[in-house]
Amino acid sequence: MNCLEMLKEREKLSDQCDICKKTFSYKGNLTVHKCIDPGGKKYYCDICGKSFSQKSHLTHHKYTHTGEKPHHCDICGKSFSKKYNLTKHKSIHTGEKPYHCDICGKSFCHASSLDSHKHIHTGEKPHQCDVCGKSFSRKSSLYSHKYIHTGEKPYRCDICGKSFSQRSRLTSHNSVHTGEKPYQCDICGKSFSSKSHLTRHKYIHTGEKRYHCDICDKSFSSKSHLTTHELPHAHERPYPCDICGKSFTRRNGLTYHKYTHTGEKPYICDICGKSFSQKGHLTYHKSVHTGEKPYQCDICDKSFSSKSHLTTHKLTHTREKPHHCDICGKLFSQKCNLTTHKSVHTGEKPYQCDICDESFSSKSHLTTHKLIHAHERPYPCDICGKSFIRRRGLTYHKYTHTGEKPYKCDICGKSFSQNGHLTYHKSVHTGEKLYRCYICGKKFSQKRYLNGHKCINTGDKP
């Protein structure tokens, strides 16, 4: 061993605790470590009683009670309760990321962020919950998780009083009041209220899906989407409604469901004033005003205002129909269409018009029906000016101008402008009778024959 190696070894030993053998990179950290009482935490908060091993930790904790943020960013003026958080924040302005992952090359602003990132490669989850045994790759994730067991929500919005279990969720929530979106995508320029939302958004551009389901091999761009996806495999619905008992796989699914009981519609369009129970519905609605269609099909270049519409559209190219009726075996490309279809078998029509008392099997059919009472036709043709009650009616109408017939029979090659016409045409080849009377069970090849048959059974006039 040469002199330099001996010196390094001596320095290493000098920064090692002689009680628990823990080593430190700085002698100052070792000194602080030795000062901590091995038997407990000697600094107590006189407000909530929580205890800490270091006085500085107690000081920082008290800021959560007082709301004090003594550390200010000299660039944008934002304030922080901890100096460390201010230093971390400044990297947003400088763009500096000095810590590099030696496995994938990704860079980080802080050494702690790099350490947490490396757990993705190793699969290591060193932080375990002592209540349920669940493990986490980050200590902060474990702390946030523990609030599920305690029900504690220590982060409170000082504007509306709403409380949160995570500081990041409070920060995201605050942007609802301020409208601030400081995180901008450097590819398309879209802005976001939280860094996690920006990170998730970037996967749209890169197509990266890092999280894989080990049951069905499906991949996802975010861990939360994978977690939600895995619940149906486990038949688990951990979020029950305390009013009607219905359970949900996602917390936000429960939140949106509760609005059906309360009638609350907290998301308001700032253009026309229309209200919605879900943020996604408001976002989709706004595209009606702006005409924006950011989701483009990479097969035919057709654009859509929502990702779900793009996903549904792609099924027309692949002809995939993943939703299966367990009564008659019919396949559907959309789950909502399967749900509506099942009412044919059950005869159930839970959605009733409060004007004429007519009932419908789906909410969308009721909404469309109500437009008749309002004499409203919100979908005008930009070629001839004719208006329609339903968007689909407008789509089919436009084919009369373009001559397009996108629905082709794979048996004889005949083309149709409407999917329903193709379905009826195919029954000529197969002899299938698609329309079944839920009273007597008799089947018909055309819906009009079924409607005529129903009038005979019920005594109604056609």
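Quick look at the values:
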| read-out | value |
| --- | --- |
| Amide hydrogen neighbours beyond the local backbone of Y379, cut-off 5 Å, H modeled | F388 |
| Shape call, the stretch 195-345: gyration tensor on alpha carbons, a/c limit 1.5 | rounded |
| Gyration tensor verdict on the stretch 336-408 (Cα atoms; rounded if a/c is under 1.5, prolate if a/b is larger than b/c, oblate otherwise) | oblate |
| Structure-based [θ]222 nm, the chain - -39500 (n - 2.57) summed over DSSP H runs of at least 4, per residue, nearest 500 | -13500 deg cm²/dmol |
| About the Cα centre, charge dipole magnitude for the chain (Lys/Arg +1, Asp/Glu -1 at Cβ), debye | 680 |
| Mean separation of Cα contacts under 8 Å (6+ apart) over length of the chain, as relative contact order % | 3 |
| K42 long-range amide H proximity, modeled H, under 5 Å | D37, F52 |
| 1.4 Å probe accessible area per residue over the stretch 189-316, in Å² | 66 |
| Cα gyration tensor shape for the stretch 378-462, rounded if a/c is under 1.5, else prolate or oblate | oblate |
| Dimensionless Rg over Rh [the chain; C-alpha; Kirkwood] | 1.06 |
| Rounded FRET efficiency, nearest 0.05, which uses the C-beta distance separating K307 from S445 and R0 of 30 Å | 0.20 |
| Virtual spin-label span in nm between S135 and K55, 7 Å along Cα→Cβ | 3.9 |
| Heavy atoms of K386: accessible area, 1.4 Å probe, square angstrom to 10 | 110 |
| Sites Y147 and V288, calculated FRET efficiency, Cβ-Cβ separation with R0 51 Å, nearest 0.05 | 0.85 |
| Low-density loop cleavage sites - GluC sites (Glu not before Pro) in the stretch 87-187, where at most 11 other Cβ are within 10 Å (DSSP) | E96, E124, E152 |
| Theoretical FRET efficiency, 1/(1+(r/R0)^6), r = Cβ-Cβ of I456 and T400, R0 22 Å, to 0.05 | 0.05 |
| Dipole magnitude of the stretch 164-246, debye to nearest 20 (Cβ charges: Lys/Arg +1, Asp/Glu -1, about Cα centre) | 220 |
| Amide H partners (placed H, <5 Å) of K330, local residues excluded | C325 |
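The values are calculated or read from the model by the stated rules, or taken from the named source; none is laboratory data. Keep in mind it's a predicted model, so treat the numbers as computed, not measured. All Cβ positions, glycine included, derive from the backbone under ideal geometry; neighbour counts span all protein chains shown. Side chains included, ligands, DNA and RNA excluded: accessible areas come from the protein's heavy atoms. Shrake-Rupley method; radii C 1.70, N 1.55, O 1.52, S 1.80 Å.
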